[in-house]
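The values are calculated or read from the model by the stated rules, or taken from the named source; none is laboratory data. Just so it is clear, the structure is predicted and the values come from calculations on it, not from any experiment. Counting neighbours? That spans all protein chains shown, and the Cβs are built from the backbone with ideal geometry, glycine included.
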Amino acid sequence: MNPLRKLALTASLLALAACTVGPDHAPPATPAAAAGPFLGAGHPALADAEPDADWWRLYRDPVLDGLVQDALAHNSDVRVAAANLARARALLRESRSQRLPQTGLSAGAAYGRAAENDVPPGADREDWQFDAGFDVAWELDLFGRVSRSVEASRADADAAEAVRDAVRVAVAAETARAYADAAAAAERLAVAERSLALIERTLVVTTRRFEAGRGTRLDVARVTSLREQQRASLPPLRAERDGALFRLATLTGRAPAALPPAAGARRTILQLDRPIPIGDGRTLLARRPDVREAERRLAAETARIGVATADLYPRITLGGSIGSTAGSVGNLFTGGPLSWLLGPLINWSFPNQEAVRARIRAQEASAEAALARFDGAVLGALEETETALSVYRHALDRRAALAGAQEAAARAAEIERARLRAGRADSLAVLDAERTLAEAEAELSLADARIVTAQVDLFRALGGGWQEEVAVAGAGDQPG
């Protein structure tokens, strides 16, 4: 049997005897207490159905739909995460290439002078020398070092994809929040302006009563002071709305001046006309990108235990080379100057394997840390969701109480105004009624805004929005 056949037969036998060392990764089981219904479920504003991936469409606002689409396509954080994912996938391809024979081609030319004893008598000692060679090496993955490396790289790429998805969740939520904040500030501004208009009408009546001798200058001064206080509440609301629009522009990858007018046209707070679907703990953990990232990081660290363990055993590489050295390019490819080598190369850290065993223990510790981070991600996801549910439910309860207070304050203010016009009311009572109504309306409007914020926080906690978007009607021009 010739040497090539013997080498091929040996390689085949070694491949059949190969085994993959190190532990196999198994995704941790979801605890029973984490898989059931949420503690905050059962409210009329919540439903047990599986949450919508594109949850922002529940608001039925095409402008918001377009802005979220723009953000997912052009946001700088999303672009960074996408680039990191592309890098992780490129590293995966690099790891997979270790399964293939590694080849190299070399060539060179040199002009020099040979030693007198190295050339025949009378021959020219100065001449050109040409070299060409081809090398090939293939590692026999007998103990799974390469396979575990590929497994770790694949898990790293999956984790990078989960990070990208988590960024998409955050960007979609922040875009909806900025849009909602701008709309809420506009509505709160309108409420404050209506309250200012009512106070100004009261000031007109109070001034006329003073001029007719039925009131005092103090009455006029008190209503004037209330009017100025109410007027002073308007600039912060305008600044709040501007800030939300500027934030919205950044989230969608635009300069503030490039934000389409439609993005700031809404003057009413976002509202839902249906209960929010929340699912349960099991579907939450399967959907949350941060939990998926933590599980994939654990898989990568587990695979790297196998990479480290493989160093306890010999690493065998089949190699070969063919080359030629000649005095001219034409003679390189003739049979005479050709040379070749073929054979295995064995590397083995033996008998001193203390350093290898230390690396194995270090990698096992990294896997233990990854498992702890996974457990923390699961608990954090549940905590965040339960907290968001609690905040939302109590925000709705607070809004209901404030609505009753605002209705009562409106009736009281109307009664006092009528009494003032009829000359039967005390100016201080009217002033107090106006102040109470303005505060009640401002609190109610703020409560509506906080409900939308609580809704967005809940949607974000539920982990939807990372799925790839289907094109929808936009809010205006694409970012320039």
**Item:** Matching residues in region 104-134 - criterion: being of a type in the set (Asp, Glu) and assigned to a helix (DSSP H, G or I)
**Value:** 116, 118
**Message:** For region 394-428: of the residues being charged (D, E, K, R), in a helix (DSSP H, G or I) and touching a helix residue (DSSP H, G or I) at 6+ places or on another chain (Cβ under 9 Å), which is farthest from residue 275 (Cα to Cα)?
**Reply:** 421
**From the options 267, 288, residue that is farther than 27 Å from residue 195 by Cβ, of a type in the set (D, E, K, R) and touching a residue at least 40 places away in the same chain (Cβ under 8 Å)** = 288
**Request:** Counting only residues that are under 28 Å from residue 372 (Cα atoms), give me the helices (runs of 4 or more DSSP H) lying completely in region 13-96 with at least 2 of them.
**Result:** 32-35, 76-96
**Asked** Based on what the data block shows, is residue 146 in contact with a Phe, Trp or Tyr (Cβ under 8 Å, 6 or more places away or on another chain), of a type outside the set (Ser, Thr, Tyr), farther than 30 Å from residue 51 by Cβ and in a helix (DSSP H, G or I)?
**Response** no
**Fill in**
Result of the Cβ filter at 6 Å on region 237-263, keeping first residues that are of a type in the set (D, E, K, R) and partners that are assigned to a helix (DSSP H, G or I) and modelled with pLDDT of 95 or more, at least 6 apart or interchain, is 240/185; 241/182; 241/185; 241/186; 247/178
**Prompt:** Restricting attention to region 409-467, and to residues there that are under 51 Å from the mean Cα position of the chain (by Cα) and among the hydroxyl-bearing types (Ser, Thr, Tyr), which single residue is modelled with the highest pLDDT?
**Reply:** 453
**Item:** Given (1) touching a strand residue (DSSP E or B) at 6+ places or on another chain (Cβ under 9 Å); (2) in contact (Cβ under 8 Å) with a residue 40 or more places away in the chain; (3) buried (at least 16 other Cβ atoms within 10 Å of the Cβ), index of the condition residue 337 fails
**Value:** (2)
**Item:** Sole exception among (1) under 30 Å from residue 438 (Cβ atoms); (2) surrounded by fewer than 21 Cβ atoms within 10 Å (Cβ to Cβ); (3) hydrophobic (A, V, I, L, M, F, W, C); (4) touching a residue at least 60 places away in the same chain (Cβ under 8 Å) for residue 189, by number
**Value:** (4)
**Request:** Out of 258, 308, 262, report the one residue that is within 30 Å of residue 373 (Cβ to Cβ), hydrophobic (A, V, I, L, M, F, W, C) and in contact with a helix residue (DSSP H, G or I) (Cβ under 8 Å, 6 or more places away or on another chain).
**Result:** 308
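How many of the residues making up region 247-269 are under 24 Å from the mean Cα position of the chain (by Cα), hydrophobic (A, V, I, L, M, F, W, C) and not in a helix (DSSP H, G or I)?
Residues that pass the stated criteria total 2.
From 157, 185, which residue is in a helix (DSSP H, G or I), in contact with a helix residue (DSSP H, G or I) (Cβ under 6 Å, 6 or more places away or on another chain) and within 26 Å of residue 85 (Cβ to Cβ)?
Step by step, each of 157, 185 is checked, and only 157 is in a helix (DSSP H, G or I), in contact with a helix residue (DSSP H, G or I) (Cβ under 6 Å, 6 or more places away or on another chain) and within 26 Å of residue 85 (Cβ to Cβ).
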**Item:** Close pairs (7 angstrom Cβ cut-off, 6 or more residues apart or separate chains): farther than 25 Å from residue 415 by Cβ in region 437-452, surrounded by fewer than 21 Cβ atoms within 10 Å (Cβ to Cβ) and of a type in the set (Lys, Arg) anywhere
**Value:** 448/399; 451/399
**Asked** at pLDDT 95 or above, under 30 Å from residue 260 (Cβ atoms), of a type in the set (D, E, K, R) and in a helix (DSSP H, G or I), is that true of residue 151?
**Response** no
**Prompt:** Counting just the residues of region 64-81 that are of a type outside the set (Gly, Ala, Ser) and more than 12 Å from the chain's Cα centre (by Cα), which one comes out nearest to residue 183 (Cα to Cα)?
**Reply:** 64
**Cβ-Cβ under 6 Å pairs, at least 6 apart or on other chains, region 346-371 side surrounded by 14 or more Cβ atoms within 10 Å (Cβ to Cβ), far side among the small types (Gly, Ala, Ser)** = 356/349; 359/308; 360/308; 363/308
**Message:** Given the options 345, 298, 284, name the one that is closer than 30 Å to residue 454 by Cβ and not in a loop (DSSP other than H, G, I, E, B).
**Reply:** 284
**Item:** Those residues of region 311-337 which are of a type in the set (A, V, I, L, M, F, W, C), in contact with a helix residue (DSSP H, G or I) (Cβ under 8 Å, 6 or more places away or on another chain) and over 22 Å from residue 126 (Cα atoms), in sequence order
**Value:** 312, 316, 318
**Prompt:** Residues in region 276-287: is at least one closer than 20 Å to residue 53 by Cβ, of a type outside the set (Val, Ile, Thr) and touching a His at 6+ places or on another chain (Cβ under 9 Å)?
**Reply:** no
**Request:** Return yes when residue 200 is surrounded by fewer than 19 Cβ atoms within 10 Å (Cβ to Cβ), in contact with a Lys or Arg (Cβ under 9 Å, 6 or more places away or on another chain) and not in a loop (DSSP other than H, G, I, E, B) and no when it is not.
**Result:** yes
**Request:** Go over the candidates 137, 162, 178 one by one and state the one that is among the aliphatic types (A, V, I, L, M) and outside any helix (DSSP H, G or I).
**Result:** 137
**Candidate set: region 203-221, residues that are under 60 Å from the mean Cα position of the chain (by Cα) and within 17 Å of residue 418 (Cα to Cα); chosen: the one surrounded by the most Cβ atoms within 10 Å (Cβ to Cβ)** = 206
